[in-house]
Amino acid sequence: MDGLPPYPVAILLGPFSRRHPVQRSRGRVIFLLPAATDRCGAMMFRYEFGVVEWLWDLEAIRVNMPGSGERKFSGSYDEVVAVLSELGGQGWDVATCAANGNWLFWTLRRQH
């Protein structure tokens, strides 16, 4: 089939959603879905992960995100909120949070 994209796709034949790119071949309609779909064509999301750690009594904040080195900040509640808000503006959300004593640890995720 000429004109298919060079990246992996799931090729489904039939009357599926019109949101996906369509190509006609030999009288059939072919819907090209991202490769991250399950057998039924439902989307399966891929995530990247990062972490934020805060030792509140030491006012120490550490941020580790993919593709960047460790960043360290000094701060209390306002700075933690600012860091999480900045990351939220970049598409990150909190997947989990763990706490013990003076320590808080957030795992963040971003869909891609």
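With a 1.4 Å probe and all protein chains kept in place, how much accessible area does Ser74 have, in Å² rounded to the nearest 10?
Around 90 Å² of this residue is reachable by solvent.
If DNA, RNA and ligands are ignored and the probe is 1.4 Å, what is the ranking of Trp103, Trp92 by accessible area, most exposed first? Present the calculation step by step, with values, prior to reporting the outcome.
Working: Trp103 75, Trp92 20 Å².
Output order, biggest surface exposure first: Trp103, Trp92.
The values are calculated or read from the model by the stated rules, or taken from the named source; none is laboratory data. This one's a predicted model, so the numbers in the text were calculated from it and none came from an experiment. Only protein heavy atoms, including side chains, enter the accessible area calculation; ligands, DNA and RNA are left aside. Shrake-Rupley method; radii C 1.70, N 1.55, O 1.52, S 1.80 Å.
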